[in-house]
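The values are calculated or read from the model by the stated rules, or taken from the named source; none is laboratory data. Every value quoted in this text rests on a predicted model; they were computed, and no experiment measured them. Cβ atoms come from the backbone with ideal geometry, glycine included; neighbour counts cover every protein chain shown.
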Amino acid sequence: MRKTLGLAALAVALACGGANAQQVTVKVGVLSDMSSLYSDIGGAGSAAAAKLAIADFAKANPNVKVELISGDHQNKPDIGSQLANQWYDVDKVDLIIDTPNSGVALAVSQITATKNKVFIVSGAAASDLTGPKCSANTIHWTYDTWMLANGTGKALVKTGGDTWFFLTADYAFGHALERDTMAAVEKNGGKVLGKVRHPLNTNDFSSFLLQAQSSKAKIIGLANAGGDTINAIKAGAEFGIVKGGQKFAGLLVFASDVNALGLQTAQGLTLTETWYWDMNDANRAWTKRWQAERGAAGKFPTMVQAGVYSGLTHYLKAVAALKSAADGKAVVAEMKTLPTDDALFGKGSIRADGRKVHPAYLLEVKAPSESKYPGDFYNVRATIPADEAFRPLKEGNCPLVSG
Amino acid sequence: MVEIFGIPSTALFGQLLIGLINGSFYALLSLGLAVIFGMLNIINFSHGAQYMMGAFAAYLILQYSGLGYWPALIIAPIIVGITGIIIERLFLQWLYKLDHLYGLLLTFGLALIFEGVARNYFGSAGLPYTVPESLRGGQNLGFMFLPNYRAWVIAASLLVCFGTWFVIERTRLGAYLRAATENPTLVRAFGINVPRMITLTYGFGVALAAFAGVMAAPVYNVSPQMGAELIIVVFAVVVIGGMGSILGAIVTGFGLGVIEGLTKVFFPEASNTVIFVIMAIVLLVRPAGLFGRRA
């Protein structure tokens, strides 16, 4: 009897050992702005999205064990780099995801390449991540400056908004956005009548708006983000910019910004996003789960947070196919081979330069009378097909493509 | 059309007026700082956070009791003022005899806590607050479109600034206050409750910040960091005007608003810096500030 028991125990141990050999362990780090400017765009909401992706993936793939950690880069490239190094070297993290703030994202992308891990960017905008600074270990998931500029710029020129005035945040991101949008506007036959470069974190925009008003441009392009965009639009509503026949084009506006403005102020604003929570049933169902996970019933997920879910899901699929997360380059190569398919972004693909491509949507903020429930922010004006939404592969100057 | 420095004169008038409007926010905020420093000798670094609390209080009052802008303009400063009184009783009253640095560090720490808590509960993107129905629209002045709300901001700010100056410099209550700062023991000997007067003064200064916060809510982004962005400029205004000088705070507040407004036309990139350049020059020439009493 004792012998049988012993044998049975051995058999069980062996069986478990066998299962362990099959089991893959992956560690994922959500590196985001948890406490400041961009914490509503990514932050804890991105961590919640990652949790949902892991839960969904575990149902179908019990043999892949996923651990999740998260950290705050405080919008400082040095702190972000230090955290990334520590995660990769000490905590044995395989994937870093999210990372709003282009400065931090570019730093982390470099570290990821030297350590041969994987980096999925959902939060940062700089199109350089798949341009001159592209990497075989980095995938740029949700959106970028080129797509924002091209989507909004082109669509507005085509619908009659052919004269532009720019209010540009006076730093690298603003300049890039202004440059890309100007190119899109002029390429489509529009004209740029003038621009003002304002310092970052400007409180009062009324002076700049008067200048924009006297330029008589049909479109006032806001090449800025967050608080600056909100302050500009708030002052614009007050000074009767929209009533006077001019229109704002928000070149980087998130659902959280529209919420902060309120529809009364934001109505009529045109913007481009790649994901909107109220677009279809799958998004709505996911939003409910996200709100429960986040513990925030009144909040709505941004495209960045949805991108974290989608990107992580695809990464885990690639790891499951390879049965290992050890070689970052191999995982990214596998991710590029596998077609992407998930509940939020649908079917898509990843290009050689690391650019994930999917359709983008030209949205217009609803008037308060059109909005039927909380979070009912946008009318979808147009869908930009995946092959037009992002910068053509050969124009990016990514060494991975030419070489 | 007449041109001044290459800018049409009509556009210039518009910019001057806008500068004056921004100046009224600077004046309101630096006034509170000046009152607190002049009477309590505390450098109130949490002033920006208390301005933010005023705007948030207005939002919460609207959300939970449905009361709009006008009631909030009275209620929010009172609520925030009471929190100021609690802070004074709990912490500040022990610091008057110590170096300025202690008060500065304490209030700076409090500001970080207030902003952190607000960010934790409301997020960083901001909260919606619209211009009250009665002040929507505006007047066409010929050279510019003046929103009614902005006109109201100038009027209210001038009224509050003048009222405060009048009470402190021209009434018996103000005389007691000023005497109490000079020699508290003597004033107490006359049967006046000096500690209570000081407590209420701090409460009033804080309420002024909250009042500015409610005024700002319809036009600026209501977010946890709204005060932190403004407070540094306001401190520069106070330094230029002369620490603790009420009249100095008001005049420089409006004046610097105008100068900043003009910079936005001629050299927009420098509009955030111009005030600090002026501060550096003033500190070199008149270290006590333009209206400073103590040289």
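Out of B:Val277, B:Val282, B:Val265, B:Val237, report the one residue that is part of a helix (DSSP H, G or I) and either under 19 Å from the mean Cα position of the chain (by Cα) or at positive phi (or both).
B:Val237
Evaluate the following for A:Ala113: is it under 19 Å from the mean Cα position of the chain (by Cα) and either crowded, with 22+ Cβ neighbours inside 10 Å or modelled with pLDDT of 95 or more (or both)?
no
How many residues does the range A:372-403 hold that are more than 14 Å from A:Trp275 (Cβ to Cβ) and hydroxyl-bearing (Ser, Thr, Tyr)?
The first filter runs over the range A:372-403 and keeps only residues more than 14 Å from A:Trp275 (Cβ to Cβ), leaving A:372-374, A:376, A:379, A:381-382, A:385, A:387-388, A:390-403.
Within this subset, residues satisfying the condition of being hydroxyl-bearing (Ser, Thr, Tyr) are A:373, A:402.
Counting residues in the range A:372-403 that are more than 14 Å from A:Trp275 (Cβ to Cβ) and hydroxyl-bearing (Ser, Thr, Tyr) gives 2.
Can you name every residue in the range A:108-127 that is under 24 Å from A:Val253 (Cα atoms), among the small types (Gly, Ala, Ser) and without any contact (Cβ under 8 Å) to a residue 60 or more places away in the chain?
A:Ala124, A:Ala126
Got a sec? Which of B:Val265, B:Val206, B:Val237 is within 14 Å of chain A (Cβ to nearest Cβ), crowded, with 24+ Cβ neighbours inside 10 Å and under 30 Å from B:Thr130 (Cα atoms)? First the steps, then the outcome.
Values: B:Val265 fails: crowded, with 24+ Cβ neighbours inside 10 Å; B:Val206 fails: within 14 Å of chain A (Cβ to nearest Cβ).
Answer to the selection: B:Val237.
Which of the following residues is under 21 Å from the mean Cα position of the chain (by Cα) and among the hydroxyl-bearing types (Ser, Thr, Tyr): B:Tyr121, B:Tyr64, B:Tyr129?
B:Tyr129
Check A:Lys356 against each of (1) at pLDDT 95 or above; (2) over 18 Å from A:Asn137 (Cβ atoms); (3) assigned to a strand (DSSP E or B) and name the one condition it does not meet.
With respect to (1) at pLDDT 95 or above; (2) over 18 Å from A:Asn137 (Cβ atoms); (3) assigned to a strand (DSSP E or B), A:Lys356 is out only on (2).
Among all residue pairs at least 6 apart or on different chains, which show Cβ distances below 6 Å where the first residue, located in the range A:256-272, is small (Gly, Ala, Ser) and the second is crowded, with 23+ Cβ neighbours inside 10 Å and part of a helix (DSSP H, G or I)?
A:Ala260/A:Ile230; A:Ala266/A:Val258
Hey, could you check the range A:292-330 for residues that are at pLDDT below 95 and polar (S, T, N, Q) and say which is farthest from B:Ser124 (Cα to Cα)?
A:Ser324
Just to check your reading of the model, which residue among B:Ala34, B:Ala55, B:Ala72 is closer than 23 Å to B:Gly116 by Cβ and either in a helix (DSSP H, G or I) or touching a residue at least 24 places away in the same chain (Cβ under 8 Å) (or both)? Break it down stepwise before answering.
On the way: B:Ala34 fails: closer than 23 Å to B:Gly116 by Cβ; B:Ala72 fails: closer than 23 Å to B:Gly116 by Cβ.
B:Ala55 is the lone residue from the list that is closer than 23 Å to B:Gly116 by Cβ and either in a helix (DSSP H, G or I) or touching a residue at least 24 places away in the same chain (Cβ under 8 Å) (or both).
Inside the range A:327-347, can you point out the residues that are part of a strand (DSSP E or B) and surrounded by fewer than 17 Cβ atoms within 10 Å (Cβ to Cβ)?
A:Asp341, A:Gly346, A:Lys347
Considering the range B:268-283 alone, what residues qualify as being surrounded by fewer than 18 Cβ atoms within 10 Å (Cβ to Cβ) and farther than 17 Å from B:Phe235 by Cα?
B:Glu269, B:Ala270
Go through B:Leu98, B:Leu106, B:Leu141, B:Leu73 for me and flag whichever is surrounded by fewer than 16 Cβ atoms within 10 Å (Cβ to Cβ), touching a helix residue (DSSP H, G or I) at 6+ places or on another chain (Cβ under 9 Å) and aliphatic (A, V, I, L, M).
On the way: B:Leu98 fails: touching a helix residue (DSSP H, G or I) at 6+ places or on another chain (Cβ under 9 Å); B:Leu106 fails: surrounded by fewer than 16 Cβ atoms within 10 Å (Cβ to Cβ); B:Leu73 fails: surrounded by fewer than 16 Cβ atoms within 10 Å (Cβ to Cβ).
When all the criteria are applied, what remains is B:Leu141.
Quick check on this structure: which one of A:Gly240, A:Gly236 is surrounded by 24 or more Cβ atoms within 10 Å (Cβ to Cβ) and within 12 Å of chain B (Cβ to nearest Cβ)?
On the way: A:Gly240 fails: surrounded by 24 or more Cβ atoms within 10 Å (Cβ to Cβ).
Of A:Gly240, A:Gly236, the one residue that is surrounded by 24 or more Cβ atoms within 10 Å (Cβ to Cβ) and within 12 Å of chain B (Cβ to nearest Cβ) is A:Gly236.
Run A:Tyr276 past the list (1) within 18 Å of A:Lys372 (Cα to Cα); (2) assigned to a helix (DSSP H, G or I); (3) of a type outside the set (A, V, I, L, M) and report the number of the one that doesn't hold.
Exception for A:Tyr276: condition (2).
Taking A:Ala225, is it touching a helix residue (DSSP H, G or I) at 6+ places or on another chain (Cβ under 9 Å), more than 14 Å from chain B (Cβ to nearest Cβ) and either modelled with pLDDT under 95 or surrounded by fewer than 23 Cβ atoms within 10 Å (Cβ to Cβ) (or both)?
Values: touching a helix residue (DSSP H, G or I) at 6+ places or on another chain (Cβ under 9 Å): yes; more than 14 Å from chain B (Cβ to nearest Cβ): no; either modelled with pLDDT under 95 or surrounded by fewer than 23 Cβ atoms within 10 Å (Cβ to Cβ) (or both): yes.
Considered against the rule, which asks whether it is touching a helix residue (DSSP H, G or I) at 6+ places or on another chain (Cβ under 9 Å), more than 14 Å from chain B (Cβ to nearest Cβ) and either modelled with pLDDT under 95 or surrounded by fewer than 23 Cβ atoms within 10 Å (Cβ to Cβ) (or both), A:Ala225 comes out as no.
Return the residues of the range B:144-164 that are away from chain A (no Cβ under 14 Å) and either surrounded by fewer than 18 Cβ atoms within 10 Å (Cβ to Cβ) or not in a helix (DSSP H, G or I) (or both); say none if nothing qualifies.
B:Ala155, B:Ala156, B:Leu158, B:Leu159, B:Phe162, B:Gly163
Tally the residues that are over 18 Å from A:Gly174 (Cα atoms) and either buried (at least 24 other Cβ atoms within 10 Å of the Cβ) or of a type in the set (A, V, I, L, M, F, W, C) (or both), restricting the search to the range A:138-159.
The total comes to 8.
In this structure, is A:Ala249 surrounded by fewer than 16 Cβ atoms within 10 Å (Cβ to Cβ) and either away from chain B (no Cβ under 14 Å) or free of Cβ contacts under 8 Å to residues at least 12 places away in the same chain (or both)?
Spelling it out, it is not the case that A:Ala249 is surrounded by fewer than 16 Cβ atoms within 10 Å (Cβ to Cβ) and either away from chain B (no Cβ under 14 Å) or free of Cβ contacts under 8 Å to residues at least 12 places away in the same chain (or both).
Would you pick out the residues in the range B:240-262 that are of a type in the set (S, T, N, Q) and either free of Cβ contacts under 8 Å to residues at least 40 places away in the same chain or not in a helix (DSSP H, G or I) (or both)?
Correct list: B:Ser245 only.
From the list A:Thr229, A:Thr181, A:Thr265, A:Thr152, which residue is more than 26 Å from B:Leu127 (Cα to Cα) and assigned to a helix (DSSP H, G or I)? Break it down stepwise before answering.
Details: A:Thr229 fails: more than 26 Å from B:Leu127 (Cα to Cα); A:Thr265 fails: more than 26 Å from B:Leu127 (Cα to Cα); A:Thr152 fails: more than 26 Å from B:Leu127 (Cα to Cα).
Answer to the selection: A:Thr181.
Residue under question is B:Met226, and the condition is that it be within 14 Å of another protein chain (Cβ to nearest Cβ), crowded, with 24+ Cβ neighbours inside 10 Å and closer than 20 Å to B:Ile43 by Cα; does it hold? Spell out how you get there, then give the answer.
Numbers: within 14 Å of another protein chain (Cβ to nearest Cβ): yes; crowded, with 24+ Cβ neighbours inside 10 Å: yes; closer than 20 Å to B:Ile43 by Cα: yes.
Against the criterion (within 14 Å of another protein chain (Cβ to nearest Cβ), crowded, with 24+ Cβ neighbours inside 10 Å and closer than 20 Å to B:Ile43 by Cα), B:Met226 qualifies.
Mind checking which residues of the range A:198-222 are more than 7 Å from chain B (Cβ to nearest Cβ) and among the aromatic types (Phe, Trp, Tyr)?
A:Phe205
Of the residues in the range A:360-369, how many are farther than 17 Å from A:Leu252 by Cα and surrounded by 12 or more Cβ atoms within 10 Å (Cβ to Cβ)?
Count: 3.
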